[in-house]
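> There's a structure below that I have some questions on.
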Amino acid sequence: MRGSRSDLSRLRIALTVFFALDGFIFAGWVVRIPAIKERTGASASALGLALLGVSAGAVITMMLTGRLCGRYGTHRVTVACAVLLSLSVALPPLTHSAVALGTVLLLFGAAYGSLNVAFNSAAVDLVATLRRPIMPSFHAAFSLGGMIGAGLGGLVAGSLSPVRHLFGLTLIGLLVTAVAGRTLLRIQPPSAPEDTTHQPSAPRRPNPRTRGLVITFGLIALCTAYGEGALADWSALHLEHDLDAAPGVAAVGYSCFALAMTIGRLTGTRLLERLGQTRTLVGGGATAALGMLLGALAPSVWAALLGFMITGLGLANLFPVAVERAGRLAGPDGVAIASTLGYGGMLLGPPAIGFMADWFSLPAALTSVAVLAATAAAIALLTRRAAG
């Protein structure tokens, strides 16, 4: 069923809430990592290995989640994964060793990755039904949720222990899931007007050509996520060590990037309606490449901050468009493939930058973000006919 206009509006609101909740909970966990490191007594290297549990758990379960969505429906899987994410975020501060932390982070990462596949798949169905490119608005909600979660976490860090803070996130997550999940479970997943024979969330078996296109969009997601991961981990260090910025100013670097990305996603629907997907991908990749060259090679702090903002605007809509196109081609399995490749890029970015910084310099290493952004633009341009 396509669903009534009111049902589709309620569905859009509910999915937006889940995207925001995902960003809110994840950011709340991230800002307490230093306190949890102190609590567990883990060394820097041991903590780094433990933190890999988040990414490992996500990558391991993403493909399985695509199949679960095909079998049980994206709405049910979204609600179940949101409950699991809300419960698992309370576990890290209860651990007392790096091994135990890594173990619970596997569960947390599995819930986080599975939720991303489930609600992105549900959003793909809604985008197809509405015939409007609203995917960036959902990812803008994730970014806004992350900014609120990080800001709130910073405010309460001095007064609340990690145990109380993250348990509070559990309560908030369960409450929001109960309210938004009730709406989600009452509404049948919509089907696109051109496909009334089955629900979009039904299993699709892509042929080799379709699978190749899905992987192509996954590579665009990888190039985008590489840049996000690199800037999250290395922007402050670049500003402080290479440009002699004060620690407070250096910390603003990633905030500028994240804010610009949020603004870009909030305006993404209008941009896609005006330019179309191919020109949005090509223009976004080219803009991000130029911005990152400025951010990496600029001789002053303020020029670098401007470069980070231009990079955020350029990268903003690449990942949402890539995931949406993969989902349109192959359903939840397509979303899972693109998300897995994207997460691989986020995993690859920070260590790759570190190795290249040792071999050359950190500014030179950061130019790899520009190279991959330009690669994403080139992929979109070269495959525009096949993708169409």
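The values are calculated or read from the model by the stated rules, or taken from the named source; none is laboratory data. This one's a predicted model, so the numbers in the text were calculated from it and none came from an experiment. Quick reminder, even Gly has a Cβ in these numbers, built from the backbone with ideal geometry, and neighbours come from all protein chains shown.
> Just to be sure, is Arg131 modelled with pLDDT under 90 and either out of contact with any Cys (no Cβ under 7 Å at 6 or more places or on another chain) or at negative phi (or both)? Talk me through it step by step, then tell me what you get.
On the way: modelled with pLDDT under 90: yes; either out of contact with any Cys (no Cβ under 7 Å at 6 or more places or on another chain) or at negative phi (or both): yes.
It is true that Arg131 is modelled with pLDDT under 90 and either out of contact with any Cys (no Cβ under 7 Å at 6 or more places or on another chain) or at negative phi (or both).
> Any chance segment 228-241 includes a residue that's assigned to a loop (DSSP other than H, G, I, E, B) and either in contact with a His (Cβ under 8 Å, 6 or more places away or on another chain) or not basic (Lys, Arg) (or both)?
At the first step, the residues of segment 228-241 found to be assigned to a loop (DSSP other than H, G, I, E, B) are none.
No, segment 228-241 contains no residue that is assigned to a loop (DSSP other than H, G, I, E, B) and either in contact with a His (Cβ under 8 Å, 6 or more places away or on another chain) or not basic (Lys, Arg) (or both).
> I would also like to ask the following. What residue, of Gly149, Gly158, is modelled with pLDDT under 90, farther than 14 Å from Ala14 by Cα and buried (at least 24 other Cβ atoms within 10 Å of the Cβ)? Before you say what the answer is, go through the steps one by one.
Details: Gly158 fails: buried (at least 24 other Cβ atoms within 10 Å of the Cβ).
None of the others qualify; the one that does is Gly149.
> With the requirement that a residue be of a type outside the set (Gly, Ala, Ser) and buried (at least 19 other Cβ atoms within 10 Å of the Cβ), what does segment 2-30 give you? Let's see the steps before the verdict.
Here is the first cut: in segment 2-30, the residues of a type outside the set (Gly, Ala, Ser) are 2, 5, 7-8, 10-13, 15-19, 21-22, 24-26, 29-30.
Across segment 2-30, the qualifying residues are Leu11, Leu15, Thr16, Val17, Phe18, Phe19, Leu21, Asp22, Phe24, Ile25, Phe26, Trp29.
> Is there any pair with a first residue in segment 66-85 that is in the same structural domain as Phe18 (by TED's automatic domain parsing) and touching a residue at least 60 places away in the same chain (Cβ under 8 Å) and a second that is buried (at least 24 other Cβ atoms within 10 Å of the Cβ) and not in a helix (DSSP H, G or I) whose Cβ atoms are under 8 Å apart and which are 6 or more apart or on different chains, and what are they?
That search, which allows pairs on different chains as well, returns Cys69/Ser201; Gly70/Ser201; Gly73/Ser201; Thr74/Ser201.
> Output yes when any residue across segment 375-383 is surrounded by fewer than 24 Cβ atoms within 10 Å (Cβ to Cβ) and either among the basic types (Lys, Arg) or more than 22 Å from Thr216 (Cα to Cα) (or both), and no when none is.
no
> Check off (1) outside any helix (DSSP H, G or I); (2) crowded, with 24+ Cβ neighbours inside 10 Å for Ala289 and give me the number that stays unchecked.
Evaluating Ala289 over (1) outside any helix (DSSP H, G or I); (2) crowded, with 24+ Cβ neighbours inside 10 Å leaves (1) as the failure.
> Could you check, for segment 361-372, whether at least one of its residues is within 16 Å of the chain's Cα centre (by Cα), assigned to a helix (DSSP H, G or I) and assigned by TED's automatic domain parsing to the domain that holds Leu293? Explain how you work it out, then say what you get.
Going residue by residue through segment 361-372, those that are within 16 Å of the chain's Cα centre (by Cα) are none.
Checked against the condition, which is being within 16 Å of the chain's Cα centre (by Cα), assigned to a helix (DSSP H, G or I) and assigned by TED's automatic domain parsing to the domain that holds Leu293, segment 361-372 yields no hits at all.
> Right, another one. Taking Ala303 and the conditions (1) surrounded by fewer than 18 Cβ atoms within 10 Å (Cβ to Cβ); (2) aliphatic (A, V, I, L, M); (3) touching a Phe, Trp or Tyr at 6+ places or on another chain (Cβ under 6 Å), which numbered condition does it fall short on, given that it satisfies the others?
(3)
Table: residues versus (1) part of a helix (DSSP H, G or I); (2) buried (at least 18 other Cβ atoms within 10 Å of the Cβ).
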site	(1), (2)
Leu49	yes, no
Ser55	yes, yes
Met62	yes, yes
His75	yes, yes
Ala90	no, yes
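> Would you confirm whether or not segment 305-321 contains a residue that is out of contact with any Gly (no Cβ under 7 Å at 6 or more places or on another chain), touching a residue at least 40 places away in the same chain (Cβ under 8 Å) and under 27 Å from Thr383 (Cα atoms)?
Yes, segment 305-321 has at least one match.
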